[in-house]
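This report concerns only the one structure given below.
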Amino acid sequence: MSDSKKVFIFGYSGHAYVIIESFMAAGYTIAGYFDYHEAKTNPYQIPYFGFEGSVDVSSIVKSDYVFPSVGDNIIRAKLVSFFEKHHLNQCVLIDPSSKVSHSSSIGLSTYVGVNTIINAHAQIGKGVIINTAAVVEHECVVQDFSHIAPAAVLCGNVSVGKSTFIGANSVVRNNISIYEKSTVGAGSVIVKDIITAGIYFGNPCKQQF
């Protein structure tokens, strides 16, 4: 891994602003950003280097870090695949305000947000977002490219499948499994396993689509 504290972000909109401030709090310098188009507003005055599909990213980034700063699970997965294909230096971003157990594991290109809690022996995959004030309890498994939204709570031994979205303020009871590519609406209470992909919400949570 690089010894540099410089990072290039991929995507520059609302979620990226949160990423930028967490990187700055952790002592990193944002060296620049890649996106489809140059942003109309640039509140952090970050240089634009083009779209990753049309420029030689490796020659620009060199040994510095890269990070996906988009909330969409599908796009984030494509970006991580791009990083892997081009052997770019990925990192884990853990906001200094969060509390993360030393016995947990966290994959590359994952973001652990402001005031989040990840407890003992939790396993977090790559390209995951554990967003503001979310709680991931002991022995939970959150698979690659999932997004646990602000203030959501995963009780102990919850398993979240790949590319799943758990909405803000949702609560998942202990020992629940959630199938991959599922979407759980904000404020839902999940008390039964979700065994097929779909859109779920409510208290108790039920499949809607």
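The values are calculated or read from the model by the stated rules, or taken from the named source; none is laboratory data. Note that this is a predicted model, so its numbers are computed, not measured. Methodologically, a virtual Cβ is constructed for each residue, glycine included, from the backbone with ideal geometry; neighbour enumeration extends over all protein chains shown.
Observations on the model:
- Selection from the stretch 85-110 of residues that are free of Cβ contacts under 8 Å to residues at least 60 places away in the same chain and over 17 Å from F8 (Cα atoms): S98, K99, V100, S101, H102, S103, S104, S105, I106, G107
- Restricting the stretch 42-73 to residues that are aliphatic (A, V, I, L, M) and under 24 Å from I94 (Cβ atoms) leaves a set whose member that is surrounded by the fewest Cβ atoms within 10 Å (Cβ to Cβ) is I46.
- Restricting the stretch 168-189 to residues that are under 20 Å from N119 (Cα atoms) and in contact with a strand residue (DSSP E or B) (Cβ under 7 Å, 6 or more places away or on another chain), the residue that is surrounded by the fewest Cβ atoms within 10 Å (Cβ to Cβ) is S177.
- Any chance V55 is assigned to a loop (DSSP other than H, G, I, E, B), modelled with pLDDT of 95 or more and not assigned by TED's automatic domain parsing to the domain that holds F145: yes
- The set of residues in the stretch 186-209 being within 20 Å of P150 (Cβ to Cβ) and either not in a strand (DSSP E or B) or not β-branched (V, I, T) (or both) consists of A186, G187, S188, Y200, F201, G202, N203, C205.
Each row is one residue, and each column tells you yes or no for (1) of a type in the set (D, E); (2) in contact with a Lys or Arg (Cβ under 7 Å, 6 or more places away or on another chain); (3) under 21 Å from D193 (Cβ atoms); (4) assigned by TED's automatic domain parsing to the domain that holds I190.
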position: F67; (1), (2), (3), (4): no, no, no, no
position: G113; (1), (2), (3), (4): no, no, no, yes
position: V128; (1), (2), (3), (4): no, no, yes, yes
position: E137; (1), (2), (3), (4): yes, no, yes, yes
position: Q143; (1), (2), (3), (4): no, yes, yes, yes
position: A149; (1), (2), (3), (4): no, no, yes, yes
position: S159; (1), (2), (3), (4): no, no, yes, yes
position: T164; (1), (2), (3), (4): no, yes, yes, yes
position: S177; (1), (2), (3), (4): no, no, yes, yes
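For every residue, the table says whether it meets (1) of a type in the set (G, A, S); (2) within 26 Å of F67 (Cβ to Cβ).
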| position | (1), (2) |
| --- | --- |
| S98 | yes, yes |
| S105 | yes, yes |
| K126 | no, yes |
| A133 | yes, yes |
| V142 | no, yes |
| S177 | yes, no |
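- Members of the stretch 93-130 found to be in a loop (DSSP other than H, G, I, E, B), closer than 16 Å to L154 by Cα and in contact with a Phe, Trp or Tyr (Cβ under 8 Å, 6 or more places away or on another chain), listed by number: G125, V128
- Number of the exception - G113 against (1) among the small types (G, A, S); (2) free of Cβ contacts under 8 Å to residues at least 24 places away in the same chain; (3) buried (at least 18 other Cβ atoms within 10 Å of the Cβ): (2)
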